[in-house]
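Visitor: Sharing a structure below in structure tokens format, with a few things to ask.
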Amino acid sequence: MRHKIVIAGAGIGGLTAAANLLQAGHDVTIFEQASELSEVGAGLQLSANATHVLHHLGLGAPLAKVGVRPGAYVFRLHDTGEEIHRFALSDEHEQLHGAPYYQVHRADVHTLLAAKVLELRRDAIRLNCRVIGFDESGDNVRLRLADGSIVQGDLLVGADGLKSVICQQIAGNVPATYTGDAAWRITVPVERLPKEFMEQVMTVWMGPGRHVVAYYLRAGALLNFVGLVETDEVSEESWTAKFPWERFKADFQGWHADVQTIIDAADKDGCYRWSLHYRPAIRNWSTRRATLLGDAVHPTLPYLAQGACMAIEDGAVLTRALDQADSIPDALQLYQRNRVDRTVRIVNQSTANRTLFHLRTVDEIRASFAKRDEGADRNAWLYSYNPLIVKLV
Ligand SMILES: Cc1cc2nc3c(=O)[nH]c(=O)nc-3n(C[C@H](O)[C@H](O)[C@H](O)COP(=O)(O)OP(=O)(O)OC[C@H]3O[C@@H](n4cnc5c(N)ncnc54)[C@H](O)[C@@H]3O)c2cc1C
């Protein structure tokens, strides 16, 4: 049955859900607070569990153009650069899990998804529309916008990110606790780096209480750098909060020469820092006519690189649940039932990975890698999940 669906938020989650729902024949409109769909954020890693969905939307070819398939995951010591562990990605990931692993710029995926949504429905995205809440009755839901207008639909999807007003209305106030970590983020055009600077792998430098993740984007034209540091200074959770380059440089004093080369090549006015927070899991995230997806309901720390992947999975499963169930309330329960355990597991695993990345000494780092087994099955539960075919029960 064709439903009228309203979505709050045009991030990666809201756009993926909209594209899947439109493709399945529903009437979908997204309400986004921003005045334009602009380029924010930096690198994202997208594994098979998410790329299956992007392929299903017909985005396989453009994704392959803007993405980079890393050959391997390589772990190095922060000061000497000594390689202490390596496992294959790229072809091996695709063989094991049925779809590619890409490193992409968030803005590139966002642009592809927005274009897909607009191709399916020319006026599907309404900008300058800040959502402030909703009301629902037995047969419809009314979305309230800040300008006083009200939009009616059969179903509301809250995809309005970390500080979701829809989540607040469904689940109440969810407290955010500072983790003690901040993430520095920069991107550097490769022409500013020495020739043949780093191989096309995901490189992680591990040091006491901090680590760096560096990888290429945009067919190798841009190097993405994320530097995770422990700090008592709580700041904003934002893609656009800038901090002085000198502070960034000081945070990695004494680190390997390659790390210094990247930091020195950074745009001095383009160093962003995101303050990482924990939020407790929510297990009941739907009413009869409203539900949530993405960071609005299961925000996660970036230590497993799965926040956007989960948001992408959500949209595909929600679309299938609507197709499978006899009514909207049943579909929302089916969707939620099939998403809660998996997303809670991913969030918990991401939190647990913080310990792996923030060891105190080089000896501890070596010891933890000596025990690691990156065998074929280790991550099967995570990457072999295909939201397009997984059985919904
Ligand atoms: C440092 C860092 C590294 C990361 N790396 C990865 C990675 O490698 N791989 C990965 O999968 N994930 C990663 N993530 C997580 C990923 O970025 C997020 O999980 C993902 O972007 C969430 O998408 P979303 O659509 O749910 O939310 P958002 O992207 O936050 O989108 C929400 C949208 O809703 C809009 N909105 C908000 N409030 C309102 C309102 N009241 N009315 C209307 N519109 C509203 C916003 O403007 C925005 O457009 C990382 C995150 C961080 C911080």
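The values are calculated or read from the model by the stated rules, or taken from the named source; none is laboratory data. None of these values were measured; they are calculated from a predicted model. All Cβ positions, even for glycine, are placed from backbone atoms using ideal geometry, and neighbour counts span all protein chains on display.
Visitor: Conditions: (1) basic (Lys, Arg); (2) touching a residue at least 60 places away in the same chain (Cβ under 8 Å); (3) within 15 Å of Gly9 (Cα to Cα). Lys116 meets all but one. Number of the miss?
Guide: Result: Lys116 fails condition (3) only.
Visitor: Quick one: would you say Thr361 is buried (at least 17 other Cβ atoms within 10 Å of the Cβ) and out of contact with any Asp or Glu (no Cβ under 8 Å at 6 or more places or on another chain)?
Guide: On the way: buried (at least 17 other Cβ atoms within 10 Å of the Cβ): no; out of contact with any Asp or Glu (no Cβ under 8 Å at 6 or more places or on another chain): yes.
Judged against the criteria, Thr361 is not a match.
Visitor: Here are the criteria: (1) closer than 21 Å to Gly307 by Cβ; (2) away from the ligand (no atom under 16 Å from the Cβ). Tell me which single one Gly209 does not satisfy.
Guide: Result: Gly209 fails condition (1) only.
Visitor: Failed condition for Leu301, given (1) modelled with pLDDT of 95 or more; (2) more than 23 Å from Leu113 (Cβ to Cβ), with all others met?
Guide: (1)
Visitor: In the stretch 307-325, is there at least one residue being more than 20 Å from the chain's Cα centre (by Cα), part of a loop (DSSP other than H, G, I, E, B) and of a type outside the set (A, V, I, L, M)? Show your work before the answer.
Guide: Start the filter on the stretch 307-325 by keeping residues that are more than 20 Å from the chain's Cα centre (by Cα), which leaves 320-325.
So of that shortlist, the ones also part of a loop (DSSP other than H, G, I, E, B) come out as 325.
Pick out the ones that are also of a type outside the set (A, V, I, L, M) and you get none.
No, that holds for no residue.
Visitor: Of (1) surrounded by 13 or more Cβ atoms within 10 Å (Cβ to Cβ); (2) touching a residue at least 12 places away in the same chain (Cβ under 8 Å); (3) under 21 Å from Leu276 (Cα atoms), Thr177 satisfies all except one. Which?
Guide: Exception for Thr177: condition (1).
Visitor: Condition check: more than 23 Å from Leu77 (Cα to Cα) and either part of a helix (DSSP H, G or I) or among the charged types (D, E, K, R) (or both). Does Arg345 satisfy that?
Guide: Working: more than 23 Å from Leu77 (Cα to Cα): yes; either part of a helix (DSSP H, G or I) or among the charged types (D, E, K, R) (or both): yes.
When the stated conditions are applied, Arg345 passes them.
Visitor: In addition: Just one of (1) closer than 21 Å to Ala308 by Cα; (2) part of a helix (DSSP H, G or I); (3) aliphatic (A, V, I, L, M) trips up Ile170, so point out which.
Guide: Checking Ile170 against (1) closer than 21 Å to Ala308 by Cα; (2) part of a helix (DSSP H, G or I); (3) aliphatic (A, V, I, L, M), the one that fails is (1).
Visitor: Looking at the stretch 76-106 only, could you name the residues that are surrounded by 21 or more Cβ atoms within 10 Å (Cβ to Cβ) and touching a Lys or Arg at 6+ places or on another chain (Cβ under 7 Å)?
Guide: Pro100, Tyr101, Tyr102, His105, listed by residue number.
Visitor: Here's a follow-up. Can you find, within the stretch 1-37, the residue that is nearest to Ala50 (Cα to Cα) among those that are among the charged types (D, E, K, R) and more than 6 Å from the ligand (Cβ to nearest atom)? Walk me through how you get there before you give the answer.
Guide: Applying the first criterion (among the charged types (D, E, K, R)) to the stretch 1-37 yields 2, 4, 27, 32, 36.
From what's left, more than 6 Å from the ligand (Cβ to nearest atom): 2, 4, 27, 36.
Details: Arg2: 25, Lys4: 25, Asp27: 24, Glu36: 25 Å.
Residue satisfying both the conditions and the ranking: Asp27.
Visitor: How do the pairs read when you match residues in the stretch 1-22 that are part of a strand (DSSP E or B) and at pLDDT 95 or above with residues anywhere that are of a type in the set (Phe, Trp, Tyr) and more than 9 Å from the ligand (Cβ to nearest atom), using Cβ under 9 Å and keeping only pairs 6 or more apart or on different chains?
Guide: Partner pairs satisfying both residue conditions: Val6/Phe134; Ala8/Phe134.
Visitor: Next question. Does Ala50 count as more than 30 Å from Ser149 (Cβ to Cβ), outside any helix (DSSP H, G or I) and either among the aliphatic types (A, V, I, L, M) or within 12 Å of the ligand (Cβ to nearest atom) (or both)? Don't jump to the end; show me each part of the working.
Guide: Values: more than 30 Å from Ser149 (Cβ to Cβ): yes; outside any helix (DSSP H, G or I): no; either among the aliphatic types (A, V, I, L, M) or within 12 Å of the ligand (Cβ to nearest atom) (or both): yes.
For Ala50, the condition - more than 30 Å from Ser149 (Cβ to Cβ), outside any helix (DSSP H, G or I) and either among the aliphatic types (A, V, I, L, M) or within 12 Å of the ligand (Cβ to nearest atom) (or both) - is not met.
Visitor: Can you confirm whether Leu217 is over 25 Å from the mean Cα position of the chain (by Cα) and among the aliphatic types (A, V, I, L, M)? Quick ask: steps written out before the conclusion?
Guide: Values: over 25 Å from the mean Cα position of the chain (by Cα): no; among the aliphatic types (A, V, I, L, M): yes.
No: the conditions fail for Leu217.
Visitor: Right, here's the next one. Only residues that are near the ligand (Cβ under 6 Å from one of its atoms), within 9 Å of Val347 (Cα to Cα) and surrounded by 24 or more Cβ atoms within 10 Å (Cβ to Cβ): list them for the stretch 289-310, please.
Guide: Gln306
Visitor: Please determine, by comparing only the residues of the stretch 183-214 that are of a type in the set (Asp, Glu) and farther than 22 Å from Tyr102 by Cβ, which one is surrounded by the most Cβ atoms within 10 Å (Cβ to Cβ). Spell out how you get there, then give the answer.
Guide: As a first pass, look at the stretch 183-214 and keep what is of a type in the set (Asp, Glu): 191, 196, 199.
Add one more test, that the residue is farther than 22 Å from Tyr102 by Cβ, and what stays is 191, 196.
Values: Glu191: 8, Glu196: 6.
Across the stretch 183-214, the extreme among qualifying residues is Glu191.
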